[in-house]
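Q: So that we are looking at the same thing, I have put the structure below in structure tokens.
The values are calculated or read from the model by the stated rules, or taken from the named source; none is laboratory data. Not measured: the values here are computed from a predicted model. Every residue, glycine as well, gets a Cβ built from its backbone with ideal geometry; the counts of neighbours run over all protein chains shown.
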Amino acid sequence: MFISLSILEYEKDLSRSLKNLEKSEAFLNIIKLAQSGRIHDVHIDVMRKPLVSRNKFSIDLIRKLYEELHDKIALTIHLMVRNPLEIMKEINSFIHKKDRFKTAIIIQVESFSSEHDAIEALKTLKKLGYRVGICLNLPTAEERLTDKIVKTADIVLLMTVPMGAGKQKYCEEATERIKRFSQRFPNKLIKVDGGIDPETIIRVWEAGARAAVVGSYITASEDPTESLIKLEDSLKRKVKN
């Protein structure tokens, strides 16, 4: 199971420390976790109204995080925005071409009014050199994520809570959705996001997910590294049995 570290809960501290990021406790935690070798990538949730209720991760902060992290660990940028290609014009201006193959851009199916528009956006991002993912919010009907859209994407991200806030409890109805998508698309990487802890990571693994975005269970912990190890050990014990 690939673990992506969501740094949503660190956003406030990182924003305050933008000019001296290396002095931020949140940033030091990110570096320590990245150096542990236990996380696959750092997951940045870029939020903008009206798709979600609040704005998070300014372009300046994304640029700074890229500058500091791109040579240390892979990045995933999850665009919870109405016009993802517009904001990508700004992001694309500072991500070097040589780094794009290890950078994933995930967009929301809810950002588009048609299947055609979603597919074209995914194709555009691929042409720019990125790995691309499509995300389905938990309250959205599964039918919005069509076979053609999924086939165009490299990653399918299924929200296991309503998107837009951290520290939410895993929603049980997400488990059956994960099962259905993993059965429909056995050759796609099914990734999940929301409420992941040592208990729920087993549930999503059994349902067919092979990557998980984990945020507050790690980042809100007094010892983030120890929490990450507990998460990893929980899944290892289950898989071994």
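Q: One residue is enough: does segment 80-87 have a residue meeting the conditions touching an Asp or Glu at 6+ places or on another chain (Cβ under 9 Å), at pLDDT 95 or above, on the phi < 0 side of the Ramachandran plot and surrounded by 20 or more Cβ atoms within 10 Å (Cβ to Cβ)?
A: Yes: one or more hits.
Q: Counting only residues that are among the hydroxyl-bearing types (Ser, Thr, Tyr) and under 16 Å from the mean Cα position of the chain (by Cα), which one in segment 22-78 is surrounded by the fewest Cβ atoms within 10 Å (Cβ to Cβ)?
A: Of everything passing the filter in segment 22-78, TYR66 is surrounded by the fewest Cβ atoms within 10 Å (Cβ to Cβ).
Q: State whether one or more residues within segment 195-204 are of a type in the set (Ser, Thr, Tyr), under 27 Å from PHE57 (Cβ atoms) and in contact (Cβ under 8 Å) with a residue 12 or more places away in the chain.
A: Scanning segment 195-204, I find at least one residue that is of a type in the set (Ser, Thr, Tyr), under 27 Å from PHE57 (Cβ atoms) and in contact (Cβ under 8 Å) with a residue 12 or more places away in the chain, so the answer is yes.
Q: Count, please, the residues in segment 194-240 that happen to be basic (Lys, Arg) and in contact with a Pro (Cβ under 9 Å, 6 or more places away or on another chain). Talk me through it step by step, then tell me what you get.
A: Residues of segment 194-240 basic (Lys, Arg): 203, 210, 230, 236-238, 240.
The next check asks that each one be in contact with a Pro (Cβ under 9 Å, 6 or more places away or on another chain); those that pass are 230.
Residues in segment 194-240 being basic (Lys, Arg) and in contact with a Pro (Cβ under 9 Å, 6 or more places away or on another chain): 1 in total.
Q: Let me ask you something else. Given PHE181, PHE112, which one is surrounded by 15 or more Cβ atoms within 10 Å (Cβ to Cβ) and free of Cβ contacts under 8 Å to residues at least 12 places away in the same chain?
A: On the way: PHE181 fails: free of Cβ contacts under 8 Å to residues at least 12 places away in the same chain.
Result: PHE112 is the single residue among PHE181, PHE112 that is surrounded by 15 or more Cβ atoms within 10 Å (Cβ to Cβ) and free of Cβ contacts under 8 Å to residues at least 12 places away in the same chain.
Q: Pairs under 8 Å by beta carbon, first residue within 10 Å of TYR130 (Cβ to Cβ) and among the aromatic types (Phe, Trp, Tyr) in segment 94-106, partner at pLDDT 95 or above and buried (at least 20 other Cβ atoms within 10 Å of the Cβ), six or more apart or different chains?
A: PHE101/TYR130
Listed here are the residues, each with its yes/no results for (1) within 19 Å of LEU157 (Cβ to Cβ); (2) outside any helix (DSSP H, G or I); (3) touching a Leu at 6+ places or on another chain (Cβ under 6 Å).
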{"position": "LYS19", "(1), (2), (3)": "no, no, no"}
{"position": "ILE30", "(1), (2), (3)": "no, no, no"}
{"position": "ALA34", "(1), (2), (3)": "no, no, no"}
{"position": "ILE39", "(1), (2), (3)": "yes, yes, yes"}
{"position": "ASP45", "(1), (2), (3)": "yes, yes, yes"}
{"position": "LYS49", "(1), (2), (3)": "no, yes, no"}
{"position": "VAL52", "(1), (2), (3)": "yes, yes, no"}
{"position": "ARG63", "(1), (2), (3)": "no, no, no"}
{"position": "TYR66", "(1), (2), (3)": "no, no, no"}
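Q: Of the residues that make up segment 114-130, is at least one modelled with pLDDT under 95 and either within 16 Å of the chain's Cα centre (by Cα) or β-branched (Val, Ile, Thr) (or both)?
A: No.
Q: Shifting gears a bit: Search segment 41-63 for residues that are without any contact (Cβ under 8 Å) to a residue 60 or more places away in the chain and at positive phi and pair each with any residue that is of a type in the set (A, V, I, L, M) and crowded, with 18+ Cβ neighbours inside 10 Å when their beta-carbon atoms are under 8 Å apart and the residues are at least 6 apart or on different chains.
A: Every condition considered, the pairs that remain are PHE57/ILE44; PHE57/VAL46; PHE57/MET47.
Q: I would also like to ask the following. Determine, yes or no, whether LEU122 is surrounded by 12 or more Cβ atoms within 10 Å (Cβ to Cβ) and in a loop (DSSP other than H, G, I, E, B).
A: no
Q: Is there any pair linking a residue in segment 149-177 that is touching a residue at least 24 places away in the same chain (Cβ under 8 Å) and on the phi > 0 side of the Ramachandran plot to one that is in a loop (DSSP other than H, G, I, E, B) and surrounded by fewer than 17 Cβ atoms within 10 Å (Cβ to Cβ), with Cβ under 8 Å and at least six apart or on different chains, and which?
A: Pairs found: GLY164/SER53; GLY164/ARG54; LYS167/ALA220.
Q: May I ask you to list the residues in segment 131-152 that are aliphatic (A, V, I, L, M) and under 19 Å from the mean Cα position of the chain (by Cα)?
A: Step one: list which residues in segment 131-152 are aliphatic (A, V, I, L, M), which gives 132, 134, 136, 138, 141, 145, 149-150.
If the condition is that a residue be aliphatic (A, V, I, L, M) and under 19 Å from the mean Cα position of the chain (by Cα), then VAL132, ILE134, LEU136, LEU138, LEU145, ILE149, VAL150 are the ones that fit.
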